[in-house]
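This report concerns only the one structure given below.
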Amino acid sequence: MVTVPYDSLIRHVLMNRVPLISIERDADNDDLIKLRVEPRCERSKYVAISHVWADGLGNPKSNALPTCQLKELDQSILALRSLFDDPEAPCLFWMDTLCIPAPEIYSKIKLAQIGKMASIYKGAVASLVLDMELMATPLHLDPTTNKLSPEARARIACSAWMTRSWTLQEGMLPPSIAFQCLDDVILLRGSEERSMRIQEVDQQFRAGEQTASGLAPTDPAELPSQRIISPPDYREHVDFTLKRELGDVLIRTGCDFSSAWNALCTRSTTESKDVPLIFTNIIGLHSQPLLKYRESHEMILAIILSIEDPPLSIFFNTGPRHDSGGNHYNRWVPQEVRGDKLLDGGVLSVSSSHLSYEFDQSLYHDGMSIWIVDSVVPMHSTVYLDFQSEDVIYKIDPSTDSDTDELDTTNFTTTYFILDDVALPFGEQKTRGACFYAARVNHAKEGETDSVDLIFNCPVQVLQQINNTDRAQPDPERIFTPTRLTTPRVLKIRYDPLPNFTPLRVRRRVMSRIILIPIALFLISLNFFYCPCCRFSYIRHA
């Protein structure tokens, strides 16, 4: 085992620096390897290693790796030498196994370094993926185009690396990503204009592919926004789908909340508390303030309250929720980033005690529909909504993970169902939404919009059925007559605030001192000054 110089590692970490590693090999003895540590600076060029610990490159006890693994790692990094400014300088890299102190006594320092993960991967010249299955697979190129073959794309898309939560940010944040295969390193580079939303990938996906041995650039893959698939075109369609799948995960510079949720909800991690930290890194918020919260649901709520437009469909999620049967206002808060994918329609605005949804179909239609029942609908089992003017009945199934429900509905008189109705008018039978309870409508002054205070009950699944007399009729006590909301209304969904909550700050790109120094000299030449005491700028007059 080769160990990182521990005193040097701890010294840099205690000074709040990011340690970088280089491998030094003895000229006379190839098996003699030393590890050197230096702090990251503005000019540092380094590769960030991305791997799955279960593949054998992790070490929970010490910051050390076997000599054989370090020799292979050195060869992989050397294949990317052309990404560094000085080909003769040592190739620097960052790897969690070697750079985050392993002993338990440094747990606080460890958390601080985890909080720097977004900065670490964004600052790297590339992320190098070490996946055991891919490393045992020969590199496949299309002989006619010298690009990755559909099989190679499929192997990357189906690798274990693509199923883990931490590796999502490790693939998205760097400007380039490289995959170590059996006989070479594949380097994928994204263009400057990269998609930030899954829906835009078809139009904006750009990815050049190269082999690291020559690093010969290829033309970007122009993907059509629409295709009509004929039977002979199945293979091309599969390759297009794989390109889009890899583009969603790899060739992007950032995510909104819904895109990040949808990417993470199908991935796994050993510690569920890690996922909120990954989430903030992906959407561009500072993650370190989350460390003051003990529970995952508190971290997720802090993230939701920190963004500008939380998606309304967070209430539709059927994944695990915090104390979903309790008598409180946070029954909707996710316990984990799991469950259903979020929808684009409907956004919320955040206030100190509620999340507001402005419903106004006269101005725009965001794909949401609101149905109101003038009574408290018990949601412990299936209910039916019968629009008597239509020949359709809607079956409403509650989605709950609690055997008991302690929600006190004494002071409520009305039930609101907020549903995603994009599919319903076009003949689809299923949709989803959420059930809320309300006491009364707050009628606004003339020229303002009425509002209503709601509390969340549970998410629901909706099935549209034809009102057929031959079908077995449901229990009449479970049938309710709703009305559709057609007038503008502000729905204020209550939540229990987090104690001592302050919104998470957005990560902003800090200008390098190399850029700031000439700007400062220029301003001084114009007699422009900044007064640190008064905190205002002024120009000295002659």
**Q.** C158 accessible area, assembled protein chains, probe 1.4 Å, Å²
**A.** 100 Å²
Q | Over segment 1-151, relative contact order from alpha-carbon pairs under 8 Å, at least 6 apart, % | A | 29 percent
Q: Note down the nm distance, to one decimal, between modelled labels 7 Å out along Cα→Cβ at E477 and at A136.
A: 6.1 nm
Q. Under a Cβ-Cβ cut-off of 15 Å, what is the net charge of the residues other than P90 that fall near it, where Lys and Arg count +1 and Asp and Glu count -1?
A. 0
Q: Mind giving me the nanometre distance, one decimal, between the label points for S44 and T449, set 7 Å out from Cα along Cα→Cβ?
A: 4.8 nm
Q. Among K45/K116; K45/K147; K34/K108; K45/K273; K116/K273, which pairs are too far apart, with a Cα-Cα distance over 23 Å?
A. K45/K147; K34/K108; K45/K273
Q.
Once neighbouring chains are kept in place and the probe is 1.4 Å, which whole percent of the accessible area of segment 336-404 is contributed by carbon and sulfur?
A. 45 percent
Q: Subtracting the Cα-Cα distance from 0.36 nm times the residue separation, let me have the gained length for R505 to S349 in nm, one decimal.
A: 54.5 nm
**Q.** Net charge of neighbours whose Cβ lies under 12 Å from the Cβ of R440, counting Lys and Arg as +1 and Asp and Glu as -1
**A.** -3
Q. Label points 7 Å out from Cα along the Cβ direction at D391 and L32: separation in nm?
A. 9.0 nm
Q) Rounded to the nearest 0.05, what FRET efficiency is calculated for N411 and A160 with R0 set to 41 Å and r the Cβ-Cβ distance? A) 0.20
Q | Other-chain or far-sequence residues with amide H under 5 Å of T318's (modelled H) | A | D340
(Q) So, taking all protein chains as they sit and a 1.4 Å probe, how much accessible area belongs to L343, in Å² rounded to tens? (A) 40 Å²
Q: First select every other residue whose beta carbon is under 15 angstrom from the beta carbon of E104; then total the charges, Lys and Arg +1, Asp and Glu -1.
A: +2
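The values are calculated or read from the model by the stated rules, or taken from the named source; none is laboratory data. Everything quoted here is computed from the prediction, not taken from an experiment. All Cβ positions, glycine included, derive from the backbone under ideal geometry; neighbour counts span all protein chains shown. For accessibility, only protein heavy atoms count, side chains too; no ligands or nucleic acids. Shrake-Rupley method; radii C 1.70, N 1.55, O 1.52, S 1.80 Å.
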